[in-house]
Amino acid sequence: MIAPSILSADFARLGAEIEAVAGDGENRADWVHVDVMDAHFVPNLTLGLPVVQSLLKHTDLPLDCHLMIEDPDRWAIGYAEAGAHNVTVHVEAAHDPVKLAKDLRAAGSKAGLSIKPGTPLEDHLDTLKHYDTLLVMSVEPGFGGQSFIADVLEKVRTARRLVDTGHLKLLVEIDGGINADTIEQAAEAGVDCFVAGSAVYGAEDPGKAVAALRRQAVQASGR
């Protein structure tokens, strides 16, 4: 699965930018990744719920909302109620991540849990049993265009083993520095869904970039 990140899109043309990856066939994205930042949990400010509500009216692509915010226990439910397909919160910010996962599902979305590059996966395995998606950050959250941190792939391999053996039931997603040079090693490690920003929206044809990245991932994954 390829989830283009609109953090790298032209914010003045968000509707058109999403349409560019909403074509037919292999050029169509699986999800659209929406980075919500509050300038507190991360040192950047992007967009919020009103923009997500507007986007949901103009696309049938599932929105994958990644909340890099403080107090997601309070704010995340609104994104699920608005119609986001997947709402991801950070384990470093959530006060009661197990309850939050249940509340997100009750509000109509899938529940995702994200971990920063320096956060150990093993500390949160019991919590992940309540989630639908694990988002492994392969850059420090807060800004697009950063270099891929390959060390996080060991977390991906661990998660993949736990999913394949039935200990976890979730989709493994990765976000940060994913492009033609890094997607194959991430796929080999066991990623299911790849968030790609500048690799898609920096391309002349974003739809063709989606298709090319997906082909690389499929060939490398062996799954």
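The values are calculated or read from the model by the stated rules, or taken from the named source; none is laboratory data. All figures in this text were calculated on a predicted structure; none of them were measured in a lab. All Cβ positions, glycine included, derive from the backbone under ideal geometry; neighbour counts span all protein chains shown.
Selection of region 42-64 for residues being part of a loop (DSSP other than H, G, I, E, B) and in contact (Cβ under 8 Å) with a residue 60 or more places away in the chain yields Val42, Pro43, Asn44.
Of the residues making up region 39-69, just one is of a type in the set (Asp, Glu) and within 21 Å of Leu134 (Cβ to Cβ), namely Asp64. If you check Pro120 against the conditions, is it at pLDDT below 95 and not small (Gly, Ala, Ser)? Considered against the rule, which asks whether it is at pLDDT below 95 and not small (Gly, Ala, Ser), Pro120 comes out as no. For region 24-37, the count of residues that are part of a loop (DSSP other than H, G, I, E, B), free of Cβ contacts under 8 Å to residues at least 60 places away in the same chain and within 25 Å of Ala217 (Cβ to Cβ) is at least one.
Return the residues of region 11-63 that are among the hydroxyl-bearing types (Ser, Thr, Tyr) and under 19 Å from the mean Cα position of the chain (by Cα); say none if nothing qualifies. Please lay out each step first, then the result.
Of the residues in region 11-63, the ones among the hydroxyl-bearing types (Ser, Thr, Tyr) are 46, 54, 59.
Answer for region 11-63, where residues must be among the hydroxyl-bearing types (Ser, Thr, Tyr) and under 19 Å from the mean Cα position of the chain (by Cα): Thr46, Thr59.
Between Leu153, Leu213, Leu162, the distinction of being closer than 22 Å to Arg13 by Cβ and in a helix (DSSP H, G or I) belongs to Leu213 only.
Please go through region 65-79 and pick out each residue that is without any contact (Cβ under 8 Å) to a residue 60 or more places away in the chain and either under 10 Å from Leu49 (Cα atoms) or in a strand (DSSP E or B) (or both).
Correct list: Cys65, Leu67, Trp75, Ala76, Gly78, Tyr79.
Thr127 meets the conditions (1) in contact with a Pro (Cβ under 8 Å, 6 or more places away or on another chain); (2) outside any helix (DSSP H, G or I); (3) hydroxyl-bearing (Ser, Thr, Tyr) in every case but one. The failed one is (2). Out of Asp60, Asp151, Asp64, one residue alone is within 28 Å of Tyr201 (Cα to Cα) and buried (at least 16 other Cβ atoms within 10 Å of the Cβ). It is Asp64.
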